[in-house]
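Heads up: the structure comes next, in structure tokens.
The values are calculated or read from the model by the stated rules, or taken from the named source; none is laboratory data. Worth saying up front: this structure is predicted, and the values here are computed from it rather than measured. Cβ placement follows ideal geometry from the backbone for every residue including glycine, while neighbour counts extend to all protein chains displayed. Please note that ligands, DNA and RNA were not included when accessible areas were found on the heavy atoms of the full protein model with its side chains. Shrake-Rupley method; radii C 1.70, N 1.55, O 1.52, S 1.80 Å.
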Amino acid sequence: MSFKDWFREDRLPHIFCTGCGNGTVINCTLEAVEEMGWIRDTTVFISGIGCSSRAPGYITTDSLHTTHGRALAFATGVKLANPRLNVVVFTGDGDLAAIGGNHFIHACRRNIDITVVCMNNMIYGMTGGQGSPCTPPGAISTTTPYGMCEPVFDLSALAVTAGANYVARWTSYHVTELTKAIKVGLDTPGFSFIEAMVQCPTAYGRRNKLRQVSDMVTYLKTHALLLQKKQRMEEEGETVPADMFAVGEFVRRDRPAMGVLK
Amino acid sequence: MRKIMEGSHAVAEAVRLIRPGVISAYPITPQTHIVERLAEMVADGDLDADYITVESEFSALSACLGASAAGSRVYSATTSQGLAFMFEVLFNVAGMRQPVVMSIVNRALGAPLSIWNDHQDSVSCRDSGWFQLYAEDAQESMDLHFLAYRVAEDHDVLLPGFVCFDGFILSHTYEPVDMPTQEEIDAYLPPFVPVNVLDAKNPISMGMYATPDYYTEFRYDIDRAMDRAKDLLVTAGRELGESIGRDYSGLVEEYRLEDADTAFVAMGSLCGTVKDAIDEMRDSGIKAGLLKIRSYRPFPRAEIAKALSGVSRVAVLEKNVSLGSAMKGAVGPEVKDALWGSGIDVFSYVLGLGGRDVRKKDIAAINALSIAGKGDMFYGLREELI
């Protein structure tokens, strides 16, 4: 079985806009799932609402497309009812950090044995580009026409603090690293959180002088700072630019997990 | 001033004229165009309000409740899943007697996921203590907001209300709309004078425990206020007509009912289609008419009984389904109750769910079904899918 076998080609064309980063993240996830040797019969993809949450609809396994923000609550039920299932949640910054924030921190706290792949496009893409909790300060959205004035959530830092066993962040540019991180996440007992920064040229880039797809990917590439480098800069007293974000593995640990088969 | 406007933008303009102090909303299709336009107005200084970009609909209505309790006129808009998520707060807003007004851009409820229009979302909130008005076109979608605030904030009422209009069909289409002036709306809708207000000089607690000795009377009070809202909708609707030239004194509205054999009953944009279908039926000798329900809550029982007293049969067109009920639609039983003892047949027809088009020929077909005594059913099922 190759990772292409996981796709429901009869559902194509997909709904993602030209240049959307979500397809890359789905590819990386399925590549990782394939490398794990998982099979369709025991793998479930679960999602909430938003562009990211359309992903399970294009995958051949069983899936639950649930309500906005609640994917983790549904996934917790699935995993505890049948711990033999490999449970993967696709979500986005609006779904996970805003309306589903409560479920996120409690899933981390319980350290339930599921893997969450979050496509963070820094905007509510599906509804046309309203500001989300991950819209960077100053960024233009339809609800922040003169720039976002609220601070952002650092989702990976939140997951680390709340208790997840594995947390990593990459971007849609870092395909190899992202795939590897997802694979480690799938392989780690307990709650794994992989944040994938993705481009949304339609709802985000268009309003923020990043209209071309390549502009947005370049933005992600040039604003991603390897965690080790960031730490070194901080140790040496260098100022880390405010618009840079760390990428890499933030935590890998062995806290007691829920839903792990003994 | 007449302008060609998108329905959502007409509603946003109405809200600007109403001058809310706090707007709190969460994006959901097809409501987004309203709140995006309001966010722009606030950012541009065209509307002196605080706009809160909350993290969910639950927070949106909760923030509205808080702001209203602090004495501000507030506004929110939502639909479908968002309204369902607000369900708990709906009862709190009504119970604390805060006159919050919300636009409901009607959309179907999942699962399966649907972003398209029907009335299941607002109809399912029937018993929450919010009055519910339904608009037929963009103009009415705009105007009913003025009426809703006037009625909600009246000290004899103090109830929250929905202004419901159909997702996409009205929210995303362009129509000529006559915009009232700020002076007209200021005169019609004076500044909000709160009654149940958080005030350190006169401290009160809202929403505290009511023991079994007290709870029922709180619910009774809301029901009495709903009765008074019914009277006020008539007088305030008439005054709105005197102010802006469009009369909204009717809780129901009749169309060619005078000598009708079949009376259709409908709410929302569907009424426009039904009127066209009736004109065609009348041209071919079929005597049909329409009773449009503008106010679903409070329910205009006496007005319906009076308007339909001369017809032979009633076909209630329902963009909702009360699953497991005898008549299938939620509105039908109340229309039947209004006509109890009259001998007039009343049937419900569930149609237009999840955005399925309702065409003029469907209305004609339903007329034939009602004449044959067939009703209380889903209309237009795709048999090949069952």
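Counting partner chain Cβ atoms within 10 Å of every residue's Cβ in B:36-46, what's the average?
Working: counts 8, 1, 1, 7, 4, 1, 2, 5, 2, 0, 0.
Whole-number average of other-chain Cβ neighbours for B:36-46 is 3.
Just reorder A:L64, A:L261 by solvent-accessible area, largest first, 1.4 Å probe, all chains present.
Descending order: A:L261, A:L64.
Taking every pair of alpha-carbon atoms in the stretch B:2-244, give the share separated by more than 24 Å as a whole percent.
The proportion of pairs with Cα distances above 24 Å equals 41 percent.
Kirkwood-based Rg over Rh for the stretch B:252-385 (C-alpha set), two decimals? Walk me through the numbers on the way to the answer.
Values: Rg = 13.5 Å, Rh = 14.6 Å.
Reported Rg/Rh, Kirkwood definition of Rh: 0.93.
Among the listed pairs A:K180/A:K262; B:K275/B:K328; B:K230/B:K374, which have their C-alpha atoms separated by more than 31 angstrom in this model? Write down the numbers at each step before the final one.
Values: A:K180/A:K262 25 Å; B:K275/B:K328 24 Å; B:K230/B:K374 33 Å.
Result: B:K230/B:K374 exceed 31 Å.
Taking chain B as a Gaussian network, Cα atoms linked when under 10 Å apart, which of B:S72, B:S295, B:S312 shows the biggest mean-square fluctuation?
Of B:S72, B:S295, B:S312, the most mobile in the Gaussian network model is B:S312.
Accessible area of B:F168, 1.4 Å probe, to the nearest 10 Å²?
We get 60 Å² for B:F168.
Taking only DSSP H segments of four or more residues, each worth -39500 (n - 2.57), what value at 222 nm results for chain A once the sum is divided by all its residues, to the nearest 500 deg cm²/dmol?
Computed ellipticity for chain A at 222 nm equals -9000 deg cm²/dmol.
Divide by every residue of chain B the summed helix terms, -39500 (n - 2.57) for each DSSP H run of at least 4, and state the resulting mean residue ellipticity at 222 nm, rounded to the nearest 500 deg cm²/dmol.
-12000 deg cm²/dmol
Specify whether the C-alpha gyration tensor of the stretch A:18-252 places it in the rounded, prolate or oblate class, a ≥ b ≥ c being the square roots of the eigenvalues: rounded for a/c under 1.5, otherwise prolate if a/b is larger than b/c and oblate if not.
Taking the square roots of the gyration eigenvalues as a ≥ b ≥ c, the stretch A:18-252 is prolate.
Nearest 10 degrees is fine. How inclined is helix B:360-371 to the longest principal axis of chain B, computing both from alpha carbons?
It is inclined by approximately 60 degrees.
Just the accessible area for B:R246, please: 1.4 Å probe, Å², rounded to the nearest 10?
40
Looking at the protein assembly as shown only, what percent of DSSP beta bridges run antiparallel? Nearest 5 please. Numbers along the way, then the final one.
Numbers: 18 of 85 bridges.
Antiparallel: roughly 20 percent of the beta bridges in the protein assembly as shown.
With all protein chains present and a 1.4 Å probe, how do B:H145, A:H65 order by accessible area, largest first?
Largest accessible area first, the residues go A:H65, B:H145.
Assign one of three labels to the stretch B:71-151, namely rounded, prolate or oblate, based on the Cα gyration tensor with a ≥ b ≥ c the square roots of its eigenvalues; rounded applies when a/c is under 1.5, prolate when it is not and a/b is larger than b/c, and oblate otherwise.
Details: a/c = 2.12, a/b = 1.21, b/c = 1.74.
Cα axes put the stretch B:71-151 in the oblate bin.
In whole percent, what relative contact order does chain A give with Cα contacts below 8 Å and a gap of six or more residues?
After rounding, I find 19 percent.
Please list, in order, the residues from the stretch A:136-150 whose amide nitrogen is less than 15 Å from a point placed 7 Å along the Cα→Cβ vector of A:D215.
A:139-141
Between B:E88, B:E57, B:E217, where does the largest GNM mean-square fluctuation fall for chain B, given springs only between Cα atoms within less than 10 Å?
B:E217
What ranking of A:K180, A:K209, A:K79, B:K230 comes out by heavy-atom accessible area, probe 1.4 Å, highest first?
Greatest to least solvent exposure: A:K209, A:K180, B:K230, A:K79.
Starting from the Cα of B:E175, step 7 Å toward the Cβ, then list every residue of the stretch B:318-355 with an amide N under 20 Å from that point.
Within reach of a label on B:E175: B:318-320, B:352-355.
Ignoring ligands, DNA and RNA, please state the percent of accessible area on the protein assembly as shown from carbon and sulfur, probe 1.4 Å. If you can, show how the numbers build up before the last one.
Details: 14060 of 26940 Å².
It is 52 percent, rounded to a whole number.
If packing is taken as the mean number of other Cβ atoms within 10 Å per residue, what is the order of B:93-100, B:197-204, A:53-60, highest first?
Numbers: B:93-100: 23.1, B:197-204: 9.4, A:53-60: 21.6.
So the peptides B:93-100, B:197-204, A:53-60, ranked by packing, come out B:93-100, A:53-60, B:197-204.
Using a simple charge model, +1 on the beta-carbon of Lys and Arg, -1 on the beta-carbon of Asp and Glu, nothing else, what dipole does the stretch A:120-262 show about its Cα centre, in debye to the nearest 20?
Numbers: 15 positive and 13 negative charges, 83 e Å.
It works out to roughly 400 debye.
If you take the accessible area of A alone plus B alone and subtract the pair, what total do you get in square angstrom, rounded to 100, with a 1.4 Å probe?
About 1300 Å² of accessible surface is lost on pairing.
With +1 assigned to the C-beta of every Lys and Arg and -1 to the C-beta of every Asp and Glu, and no other charges, what is the dipole magnitude of the stretch B:252-385 about the Cα centre in debye, to the nearest 20?
In debye, rounded to 20, the stretch B:252-385 gives about 240.
Which pairs in the list A:K4/A:K221; A:K79/A:K209; B:K3/B:K336 are over 32 Å apart, alpha-carbon to alpha-carbon? Intermediate results must be reported in sequence, preceding the final value.
Numbers: A:K4/A:K221 27 Å; A:K79/A:K209 43 Å; B:K3/B:K336 41 Å.
Too far apart for the 32 Å limit: A:K79/A:K209; B:K3/B:K336.
What distance in nm lies between label points placed 7 Å from Cα along the C-beta direction at B:A372 and A:L261?
Going by the 7 Å Cα→Cβ label model, 5.6 nm.
Rounded, prolate or oblate, given the Cα gyration tensor of the stretch A:1-138, with a/c below 1.5 counting as rounded?
On the way: a/c = 1.98, a/b = 1.16, b/c = 1.71.
Cα axes put the stretch A:1-138 in the oblate bin.
Please give the length that would be gained between B:I204 and B:A326 if that part of the chain were fully extended, namely 0.36 nm times their separation in residues minus their C-alpha to C-alpha distance (nm, one decimal).
Difference between extended and current length: 39.4 nm.
Any chance you could look up the accessible area of B:L351 with a 1.4 Å probe, heavy atoms only, rounded to 10 Å²?
Accessible surface of B:L351 is approximately 10 Å².
Where the centre of each part is set by its Cα atoms, how far does the stretch B:221-251 sit from the stretch A:80-159, in angstrom?
Result: 44 Å between the Cα centres.
Give the angle, between 0 and 90 degrees and rounded to the nearest 10, that separates the Cα long axis of helix B:57-69 from the longest principal axis of the Cα atoms of chain B.
60
Do you know the relative contact order of chain B, to the nearest whole percent, from alpha carbon pairs under 8 angstrom that are 6+ apart?
Taking the mean separation of contacting Cα pairs over the length of chain B, I get 16 percent.
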